[in-house]
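The values are calculated or read from the model by the stated rules, or taken from the named source; none is laboratory data. Note that the coordinates shown come from a computational prediction; the quantities given were computed from them, not determined experimentally. Counting neighbours? That spans all protein chains shown, and the Cβs are built from the backbone with ideal geometry, glycine included. The accessibility values were calculated without ligands, DNA or RNA, using every heavy atom of the protein model including side chains. Shrake-Rupley method; radii C 1.70, N 1.55, O 1.52, S 1.80 Å.
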Amino acid sequence: MATLNSVNISPAGQRYSPAVRESFLDAQQRNRRATWRLSALCTLAAVVMGIPLTLVVTPLIYAVILVAADITNYFWKLPASFWQFSGEIAHFGFVALNWLLESHRRHVDPTVLALGIAVMILPGILLSVVLWIAIVALFRRSGVGGALLALKAREPNQAELKELQLADVVQEMAIAAGLPAPRIMLVDAPGANAAAIGTSADDARIIVSRRLLDDLDRDELEGVLAHLIASVGNGDLRIAFRITALFETCGLLVALINSPFGPQSRRVLWRILRYSLWRSSADAAKQEAAAIADMLSRSTGMDGDDIDRFFEKRSRFRSFLTFVFFPIILTNFAIKLSLWFFSNVLLSPSLALLWHTRQYLADASAVQLTRNPDGLASALEKLKEEPGEIPGGDWAAHLFIVNPKPSGRAPTPDLRQKQTIARAWAASEPHAGAAASPIAPIAFQAMQEQLTATMRAAFAGDVQAMDRLRTLYQNVAAADPALAAQFPNPDDLFAARRGDMSARLRLRASEKKPAPQPQAQPEAANTDTSSSSTMSLVGFHSSMKRRLKRLARMGAHPNLEPSDRKGTMVAAVIYAIFAPFGLLIAGGLLFLISIMTLASLTFLVVWLAFIHEAFKLLGHA
Amino acid sequence: MSTGLIVIGVVALVLVWVVATFNRLVALRNRVQNGWAEIDVQLKRRHDLVPSLVETVRGYMEHERSVLETVTQARFGAVAAGNNVLERSVAESALTAALTGLFARVENYPQLQAVESTQLLQEQLTSIENRIAFARQFYNDEVMKYNTAQTTFPRNLFAGMLGFSSASMFTATEGDRAVAQVKLSA
């Protein structure tokens, strides 16, 4: 604000200048309208995705109810009206099914048809909505505390210039937006990144990585924070929370359907149940909520499934079970295939587009707050060049200003290096004789856990733990200097934590080397590689170039190369060639899904009739 | 019979609209008042900050007694100005000008600039000036929304009757314009 006239405008030729100008108020209005359009699209996508899903889920619900009723009936006779009622419902369902399958449509009474369709679809819809509400309620209660613990966030140190500046800028932007200032948390992560997280504007928090403070000047920082606070003020957190809940509901649905086949899904369900019944506000509970959310958002993936594992173990009993449960297994596949297809082709892209307009809106609002489009623009230009990696930030990737996912996989130390580290660790124990360290069975896993605990203690200010880490580092350096160079010097880590500038620079230099600290969070690294991120046609982060262009229309002067005409032409031609193939594949998948849905319906009906008759016979005998 | 129903329906619709308009205008007016109060809060914060600032730099700036004296005097003037808007804005502008003068001098003392506590103070002062500016900006934006809501058709027919009048913007005085020419931030 105060440095408005210090913005340097270099010769016009190098800077991108837009053809049209747009005021930030117009830009906001345009993006608000786009939000409405895209929300309508998302609702449509959710409905289209829901129809096949409910068509498959509803019979399963009926199956469960019918089997339960049969079992109850065996021990304790149910009234005849119940069976009559269920017979009527089944009749309506069959009428609708017949109508769907027949090639030349006979005239059917529309009320009967409507009732039939309702019978086929309503229970599934009801179940999904109930699950969604339950998920929203569950995670709203837990808030974002657990996630913050996972990120190892800390309060800013007001005695340090840059961190004081951060606190000040947040206050300034909150005043400019007329909002209460959100709490700030700092993360000591290797990437330069920032996010506003929370479930709504009331519990919003701003998360900033320390590196962002070091890399941006005051105007740029102001732009970034204006974007985040404007995003909170525009109500984006609520939207993001709903989107996450949507994906988690899908995950819960899959877990429910998988639960007869695999221990992993049962474990998730059990943890959710335990979490929702145990009322406690401790940190452990918050962490539990974060862990559950993580598991749920993962279980929609097609890989590493319980059901695959179920088939892997071959035995006579298993084959018998497979035969008996075949309709349910088929239904399971149909559900997962349609979930995977529709969420990747339809729902995720439309949600991503919706999220893009929210980002553009927040950019326009940020310009309104700072009245300095160049601050945000040059911040985005810097962030574009740098890694934005935040360990533990995957679950909220869409909330960060740039994607926090690691760009490459961290190399794990090989066996020899592991032994070196383990030996050094054993030797660093204060009361152990240096010569007594055993070489044979070294429990690297156990050592890693100890090491993580010690690091946590050291960062909390435990002098003994700090000493031990120092000894460890020296020991490793004595045995294998190259290996030691991969790790940050503990002294620098502690000094950086206190806000020492030169230590921070040394750490930065050590990061430039290929290996980022594998010791920082070994358990997190392991789980991350096992999960495949859900793929989608459109990413949740809009392209920086497009954002910069929009900022330029509002008066910023970013350094952008003029768009490459030839490149776009080539891309268009490639798209034109491959689009028919893509459509063909999509059509084929749709056909497969519809076949599977109908097949699973038919099999399920036969299966149910069989079971029902068997129970009838049992009852008569 | 049916015409009577239609008339009743139209009257009810108009009433609902008037109530909605009234509530919207009240909400906007409250935001304007809130914006004004925020400027006040930030100005008070500046009054509280000035003494510690002067204490910190006093040791290094023995030769600049007059500058420090001006700042202290200006602060007294601003605190004493009370609630009269005109007097107050003059006094606050004087304080802004005095602080600007002080910071222009501080830049001549490299050893002072190197002290960390000065840097922190300078940051605080930059921030307080920014906060005042942003509070004004917010206030003016809200005044604009409030006035637009009142003066557009058909609300302008009712706004006066319901007891709303247009609010006035916070305009910069000559002293403030001078401040804008000086780079404040570190």
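Within the stretch B:20-36, how many residues turn out to be of a type in the set (A, V, I, L, M) and either buried (at least 18 other Cβ atoms within 10 Å of the Cβ) or within 13 Å of B:Ile132 (Cβ to Cβ) (or both)?
So the count comes out to 3.
Among (1) at pLDDT below 70; (2) within 22 Å of A:Val129 (Cα to Cα), where does A:Gly251 come up short?
(1)
If you take the residues in the stretch B:73-86 that are modelled with pLDDT of 80 or more and open to solvent by 60 Å² or more (accessible area, probe 1.4 Å), which one is nearest to the other protein chains (Cβ to nearest Cβ)?
Result: B:Val79.
Take the residues in the stretch B:41-51 that are closer than 15 Å to B:Arg88 by Cα and more than 12 Å from chain A (Cβ to nearest Cβ); name whichever of them is farthest from the chain's Cα centre (by Cα).
Step by step, filter the stretch B:41-51, then rank; the result is B:His47.
Hey, A:Gln29 hits all of (1) surrounded by 13 or more Cβ atoms within 10 Å (Cβ to Cβ); (2) within 14 Å of chain B (Cβ to nearest Cβ); (3) at pLDDT below 90 but one; which does it fall short on?
(3)
Among the residues of the stretch A:162-177 satisfying the criterion of being in contact (Cβ under 8 Å) with a residue 12 or more places away in the chain and within 7 Å of chain B (Cβ to nearest Cβ), which is farthest from B:Asn140 (Cα to Cα)?
Among those that are in contact (Cβ under 8 Å) with a residue 12 or more places away in the chain and within 7 Å of chain B (Cβ to nearest Cβ), it is A:Gln165.
Test of understanding: among A:Ala159, A:Ala181, which residue is open to solvent by 20 Å² or more (accessible area, probe 1.4 Å), within 10 Å of chain B (Cβ to nearest Cβ) and assigned to a loop (DSSP other than H, G, I, E, B)?
A:Ala159
Sort out which residues of the stretch A:142-156 are surrounded by fewer than 21 Cβ atoms within 10 Å (Cβ to Cβ), out of contact with any helix residue (DSSP H, G or I) (no Cβ under 7 Å at 6 or more places or on another chain) and either modelled with pLDDT under 80 or at the interface with chain B (Cβ under 10 Å from one of its Cβ atoms) (or both), and write them in order of number.
Residue satisfying the conditions is A:Lys152 alone.
Inspect the stretch A:330-340 for any residue being at pLDDT below 90, over 26 Å from the mean Cα position of the chain (by Cα) and open to solvent by less than 20 Å² (accessible area, probe 1.4 Å) and give the result as yes or no.
yes
Please go through the stretch A:348-406 and give me each residue that is of a type in the set (S, T, N, Q), part of a helix (DSSP H, G or I) and modelled with pLDDT of 90 or more, ordered by number.
A:Ser350, A:Thr357, A:Gln359, A:Ser365, A:Gln368, A:Thr370, A:Ser378
This table checks each residue for (1) over 25 Å from the mean Cα position of the chain (by Cα); (2) assigned to a helix (DSSP H, G or I); (3) within 14 Å of another protein chain (Cβ to nearest Cβ); (4) surrounded by 18 or more Cβ atoms within 10 Å (Cβ to Cβ).
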site: A:Tyr62; (1), (2), (3), (4): yes, yes, no, yes
site: A:Ile71; (1), (2), (3), (4): yes, yes, no, no
site: A:Gln84; (1), (2), (3), (4): yes, yes, no, no
site: A:Val112; (1), (2), (3), (4): yes, yes, no, no
site: A:Met120; (1), (2), (3), (4): yes, yes, no, yes
site: A:Val130; (1), (2), (3), (4): no, yes, no, no
site: A:Val136; (1), (2), (3), (4): no, yes, no, yes
site: A:Arg140; (1), (2), (3), (4): no, yes, no, no
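Can you run down the residue pairs with Cβ atoms below 7 Å, 6 or more apart or on separate chains, where the first is in the stretch B:142-158 and more than 13 Å from every other protein chain (Cβ to nearest Cβ) and over 15 Å from B:Ala27 (Cβ atoms) and the partner is among the aliphatic types (A, V, I, L, M) and in a helix (DSSP H, G or I)?
Hits for this filter: B:Phe158/B:Val18.
Working only within the stretch B:64-98, note down all residues that are among the aromatic types (Phe, Trp, Tyr) and touching a residue at least 12 places away in the same chain (Cβ under 8 Å).
Within the stretch B:64-98, none qualify.
Out of B:Val67, B:Val54, B:Val11, I need the residue that is open to solvent by 30 Å² or more (accessible area, probe 1.4 Å) and either closer than 21 Å to B:Ile128 by Cβ or of a type outside the set (D, E, K, R) (or both). Which one?
Among B:Val67, B:Val54, B:Val11, only B:Val11 is open to solvent by 30 Å² or more (accessible area, probe 1.4 Å) and either closer than 21 Å to B:Ile128 by Cβ or of a type outside the set (D, E, K, R) (or both).
Which of the residues spanning the stretch A:358-376 are away from chain B (no Cβ under 14 Å) and open to solvent by 10 Å² or more (accessible area, probe 1.4 Å)?
A:Arg358, A:Gln359, A:Tyr360, A:Pro373, A:Asp374
Table: residues versus (1) assigned to a helix (DSSP H, G or I); (2) of a type in the set (D, E, K, R); (3) within 14 Å of chain A (Cβ to nearest Cβ).
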{"site": "B:Val14", "(1), (2), (3)": "yes, no, no"}
{"site": "B:Asn30", "(1), (2), (3)": "yes, no, yes"}
{"site": "B:Glu38", "(1), (2), (3)": "yes, yes, yes"}
{"site": "B:Leu53", "(1), (2), (3)": "yes, no, no"}
{"site": "B:His63", "(1), (2), (3)": "yes, no, no"}
{"site": "B:Val71", "(1), (2), (3)": "yes, no, no"}
{"site": "B:Ser93", "(1), (2), (3)": "yes, no, no"}
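I'm trying to understand the selection: among the residues of the stretch B:109-141, which are open to solvent by less than 10 Å² (accessible area, probe 1.4 Å) and more than 11 Å from every other protein chain (Cβ to nearest Cβ)?
Answer for the stretch B:109-141, where residues must be open to solvent by less than 10 Å² (accessible area, probe 1.4 Å) and more than 11 Å from every other protein chain (Cβ to nearest Cβ): just B:Leu112.
Within the stretch A:235-258, how many residues turn out to be open to solvent by 20 Å² or more (accessible area, probe 1.4 Å) and closer than 23 Å to A:Asp203 by Cα?
Summing the residues that are open to solvent by 20 Å² or more (accessible area, probe 1.4 Å) and closer than 23 Å to A:Asp203 by Cα in the stretch A:235-258 gives 8.
Only one residue in B:Ser185, B:Ser165 is under 22 Å from the mean Cα position of the chain (by Cα), at pLDDT below 90 and open to solvent by less than 50 Å² (accessible area, probe 1.4 Å). Which one?
B:Ser185
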